[in-house]
Amino acid sequence: MNSLTNQITLSQEEKQFFSDHGFIKLKKLLTTEAVDGLRKLISNSNAMKAPPEFYSGEISKMGYDIEEAITRDIYSSANFKNVLNQLTNNRGAAFIQGIGFELDANQKGFHWHHDILSFCCVMPEDLAYTLWIPLDPINIKEQHGGLSYVSHKVCSARHYFDIVYQLVQQENISEFSKTEEFKNWDFQYASPVETFVLDNNKVEDDFEVGDALLLGKFVWHKSCSLKEGELPSRKAYVMRFVDCQARYSKVSIEGTYSLLNSSTKDLDSDIGYQLGKFLQDGDIISDNLANFKKL
Ligand SMILES: O=C(O)CCC(=O)C(=O)O
């Protein structure tokens, strides 16, 4: 399926950059055919009618778990796997989730966050990645509508993954989670102090259609408003991956969702949650995905 992805050979410096900072822009990763296919996928998908409250962000359309042949053909293509192998010391990464976003003019999207909700099924120290694929050109000086991100060397979100993992295992967590102290703690979005540091150290790039951005799970990122202009909206498709050696954590996913007081209905489509029906803590996720997807 190489009509969907281009061959990219990364230099030693680029691989080192990704390892040091946790993000990398991948120029011309996808072909026009792939981008057209993803646009169609998003346009035909149903937006979540009532997104759970914890997905708070200003966005006009968000579709979770959107995956069809086009998605599978992209992540299974030799060129695509080769790029991920180059960036993961040949461990590779397994696809777990596809999400579509559409941002209208003047909408803000999501404030500074990390992807703990998408990756709470993974052991806190194990790696996972977000591939952000803008389906419209991003021109910072014109309409913007792209993403801002910060090197994990400057400010990493790693401690949120660690502290949530410890927190949910404390015996008296249910009492503590009812207190005002806990309710005032936002573990998904940056605090004012973090926001100050992140705003001062943000990196932003222009993207042509076909370029993509790979982010490690500890990298803070936020949407940038789409200014009024020629584009009525900006669409993006996001693919979430787990490192092929990442281990499952039932403790973490169940604990994290209980902190959000989510109902089982919110979790019906959550692959991490569904995986818990047959994975044990510590099982390698990628070994079990193929069987899961056949169910
Ligand atoms: O496309 C966007 O504006 C939001 C994407 C994002 O923040 C994410 O996938 O975590």
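Listed values, structure above:
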{"quantity": "Residue-by-residue Karplus 3J(HN,Hα) for the range 136-147, coefficients 6.51, -1.76, 1.60, Hz, glycine and proline x", "calculated": "10, x, 10, 10, 4, 6, 8, 9, 6, x, x, 10"}
{"quantity": "Rounded, prolate or oblate (a/c below 1.5 giving rounded, otherwise prolate when a/b exceeds b/c) for the range 33-163 by Cα gyration tensor", "calculated": "rounded"}
{"quantity": "Fully extended contour minus Cα-Cα distance, from Ser60 to Val203, at 0.36 nm per residue", "calculated": "49.0 nm"}
{"quantity": "Backbone HN-Hα couplings from phi across the range 94-109 [Karplus 6.51/-1.76/1.60, Hz, Gly and Pro as x]", "calculated": "10, 5, 10, 7, x, 9, x, 10, 9, 10, 7, 4, 6, 7, 8, x"}
{"quantity": "Cα-projected label distance for Ile163 with Asn288, points at 7 Å along beta-carbon direction, nm", "calculated": "2.9"}
{"quantity": "Under-5 Å amide H pairs with Ala93, H placed in peptide plane, nonlocal only", "calculated": "Cys244"}
{"quantity": "Net dipole in debye of the range 1-142 [+1 Lys, Arg Cβ; -1 Asp, Glu Cβ; about Cα centre; nearest 20]", "calculated": "280"}
{"quantity": "Loop-resident sites, the range 138-246, for chymotrypsin sites (Phe, Trp or Tyr not before Pro), counting at most 13 other Cβ within 10 Å (DSSP)", "calculated": "Trp185"}
{"quantity": "Rough spin-label spacing in nm, given labels placed 7 Å along Cα→Cβ, for Val251 and Ser3", "calculated": "4.9"}
{"quantity": "Over the chain: helical MRE at 222 nm, DSSP H runs n ≥ 4 each giving -39500 (n - 2.57), nearest 500", "calculated": "-9000 deg cm²/dmol"}
{"quantity": "Too-long pairs where the Cα-Cα distance tops 19 Å, listed order kept, from Lys61/Lys217; Lys153/Lys202; Lys25/Lys81; Lys61/Lys222", "calculated": "Lys61/Lys217"}
{"quantity": "Prolate/oblate/rounded call for the chain, Cα gyration tensor, a/c under 1.5 rounded", "calculated": "rounded"}
{"quantity": "Pairwise FRET efficiency - Phe278 versus Asn172, Cβ, R0 = 22 Å, nearest 0.05", "calculated": "0.10"}
{"quantity": "Proxy reagent accessibility, fewest Cβ within 10 Å first, across Lys277, Lys27", "calculated": "Lys277, Lys27"}
{"quantity": "Phi-based couplings in Hz for the range 250-257 (Karplus 6.51, -1.76, 1.60; Gly and Pro marked x)", "calculated": "5, 4, 6, 5, 5, x, 4, 5"}
{"quantity": "Extended-chain gain in nm, criterion 0.36 nm per residue less alpha-carbon gap, Arg72 and Lys28", "calculated": "14.0 nm"}
{"quantity": "Cβ-based exposure ranking for Ser148, Ser252, in which fewest neighbours within 10 Å come first", "calculated": "Ser148, Ser252"}
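Bear in mind these aren't lab numbers, they're just calculated from the coordinates by the rules spelled out. Keep in mind the model is a prediction, meaning the values are calculated, not measured. Because the Cβ atoms are built from the backbone with ideal geometry, glycine has one as well, and the counts that use them run over all protein chains shown.
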